[in-house]
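To start, the structure itself, in structure tokens.
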Amino acid sequence: MRRNPKETQDSVRKVTRRALLLGGAQVAFVAALGLRMRHLQVEQADQFSLLAEENRINIRLIPPARGQIFDRNGRVIAENVPSYRITMVREDAGDVELVLHRLAALVDIPPEDMARARAELDKVRGDTPVTIADRVSWEVISRVAVNGPALPGITPEVGLSRHYPNGLDFAHVVGRVGPVSDFDLSRIEDPDPLLRIPRFQIGKVGVEAEAEEVLRGTAGIKRVEVNAMGRVMRELDRREGRAGTDLQLTVNSELQQYVQARLGNESAAVVVMDCDTGDLLTLASSPSYDPNLFVRGISVADYTSLTENTYRPLVPKTVQGLYPPGSTFKMVTALAALEAGIVTPQDTAYCPGHLEVSGRRFHCWKRAGHGTVDLQSSLAESCDVYYYDLALKVGIEKITEMGKRLGLGVAFDVPMPSVKAGILPTRAYKRERFSQEWVVGDTVNASIGQGFVLTSPLQLAVMTARLATGRAVLPRLIKSVDGVEQPSGHGEELGLNPENLRQIRRAMYAVTNNRTGTAYGSRILAEGFRMSGKTGTSQVRNITAEERRRGIVRNEDLPWNRRDHALFVNYAPHDAPKIAVSVVVEHGGGGSSAAAPIARDVTLQALFGDDPPLDAYPAKDRSRVQAQQERFQREREARKREAQSRA
């Protein structure tokens, strides 16, 4: 069938249009293909070259610099120092055992460190760097770098490690860091990826632990080129993380150093507190330990010597040590009675050396008794019978209520580990704890800080500051965070009768400044610096009636752990209180002989800010103090020389 010319012409026109469309699409496809080929061959040539050479790109975390910790005057007490280390990435190493064998031929690695490294390599992901050797010398780093081609997966690195320049002085306050353990990870719901880096260090105790999230910072990221042999060829990209935040504590490093030296080998605790702000100027526990040992990896022998030491050097006694406060508690009993209107400062009691209560004899520390005493003389001479009598009138509930008002029985919010609340007993406490009813003898014992009453050195310092100021002073350990000042612990008024407080302060002044006062031998002579205080001696054993008949065994004749604890609290200057001090000497014997001299020396050092003049001390103490000052000065100079040599 013949087509007419018009149909033929239309058909040709359609074919031509279709051909143009198909041709245009083919041209566009070829052009896109060409552009893509140019992109791959020119713009991404380096990337494909890496792939062609069996190189690859790894993404690794960059640990942040940990925040530093400073004292109140800006002196560093926890810092970061450069540390050379050798790491391995398992999947880059190929034959791990062969590489480790070659590395051991170049570097002296202790067998226990090598065993730990093997365990970590088996445990972590294949692309995670594992530290094989830490704190190595520059010579070792150079040796490893030169032999790099024979050590696939091995990388010499420089990082930061924690260092405590004051050594043992701040071990119980600042604490220490250590590698993340499985136990640490188990306590965290969603662990930071940083914590899974082998041997990454976090705070274990003290401020380092309590302020961990602030001090740690956030990780950075780097992209590195690794060749087929596992060697890092170059760093391609880096995004820095955020360094940890710096902290400034309220402590005074020079005073802290002095107090630690003054305590020597005693098993003791000292707290020095600013009466205005609540700043903790000193928190000293003795004996102490060097936290740098833990950072480097403490040996079994060193750790055993710490854990088996009878004096418990690892325990921060200032906040964890709980002791019967002994006669330092008598201000609580007296103030409770004054506030309740049960007694006046002029009321007297007769002390024959004991008091009969419900058929039981409660003894005074002075066997012959004190005779007739009033509030001031009873506190100055520490007559027990006066307070037994007060306790029977005022009752345990009011005594406990006053104790809490003054800061006892409270776990204060300071960044220290396991801050203890202690015990201020009530009738309900004994019923719940021992399933027994309260008896009048329990109240008598509590009135002189014995029986169920337990307090910490920190609480005793707070109590003293509150008695000195009449305010609810709160302890503060963090002065500033990243330069931002933290709230003061100045506190509101306690609402106590000012006249009652004046009577307590007068009696505390008599303790150290009246000839009959129990701490007269540890008085301060310098005008404008005199202190008010209270001695305390708390029994840790029961004295039987038979022993009293035979004669009480002297403390010095008893084994150390059966001797009485020695305590002393004070504030100074007495007419314008600046600092409050508490001292506890474990099994030290008498508060007047063991604790009061330490408190007096610490008080003078804190007020003068340097070695006090010798005429501030009683004549009998001056030769000892002079020898002490000279010895401490030599030790300070030796420390400075050591620090300069390290720098």
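What follows is calculated from the coordinates using simple rules that are stated; it is not laboratory data. Since this is a predicted model, take the numbers as computed values, not measurements. Note that each Cβ is placed from the backbone with ideal geometry, even for glycine, and that neighbours are counted across all protein chains shown.
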Ranked packing of 377-383, 422-428, most packed first, by mean Cβ within 10 Å: 377-383, 422-428
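Please list 133-140, 435-442, 86-93, 291-298 highest first by mean number of surrounding beta-carbon atoms within 10 Å per residue. Write out the running numbers ahead of the final one.
On the way: 133-140: 15.1, 435-442: 13.6, 86-93: 21.6, 291-298: 19.5.
Most protected by this proxy first, the peptides run 86-93, 291-298, 133-140, 435-442.
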Order by protection proxy (mean Cβ within 10 Å, highest first), peptides 309-317, 257-265, 446-454, 322-330: 322-330, 446-454, 257-265, 309-317
With Cα atoms, 0 to 90° folded angle of helix 457-469 axis to the chain main axis: 60 degrees
Length-normalised contact order for the range 324-455 - Cα pairs under 8 Å, 6+ apart - percent: 32 percent
Inter-part distance where the range 130-182 and the range 393-472 are each reduced to a Cα centre, Å: 47 Å
Set of lysines near K398 by C-alpha distance (under 18 Å), chain-local residues within fewer than 8 positions excluded: K330, K430
Helix-only [θ]222 nm of the chain, DSSP H runs n ≥ 4, -39500 (n - 2.57) each, per residue, nearest 500: -11500 deg cm²/dmol
Debye, to nearest 20: dipole size of the range 141-203, +1 on Lys, Arg Cβ, -1 on Asp, Glu Cβ: 300 debye
In order through the range 312-329: 3J(HN,Hα) via Karplus (6.51 cos²θ - 1.76 cosθ + 1.60), integer Hz, x for Gly, Pro: 6, x, 7, 8, x, 5, 4, 10, 9, x, 10, 9, x, x, x, 6, 5, 7
In the range 454-529, the GluC sites (Glu not before Pro) that fall in loop regions by DSSP, at most 12 other Cβ within 10 Å: E492, E527
The range 214-330: relative contact order as a whole-number percent, Cα under 8 Å and 6+ apart: 18 percent
Anchor K317: lysines whose Cα lies under 16 Å away (excluding residues fewer than 8 positions away in-chain): K420
With Cα atoms, 0 to 90° folded angle of helix 330-339 axis to the chain main axis: 80 degrees
Which listed pairs, of K366/K393; K479/K534; K393/K578; K204/K404; K222/K479, have C-alpha distances above 25 Å, in listed order: K479/K534; K393/K578; K204/K404; K222/K479
Length-normalised contact order of the chain in % [C-alpha pairs under 8 Å, at least 6 apart]: 13 percent
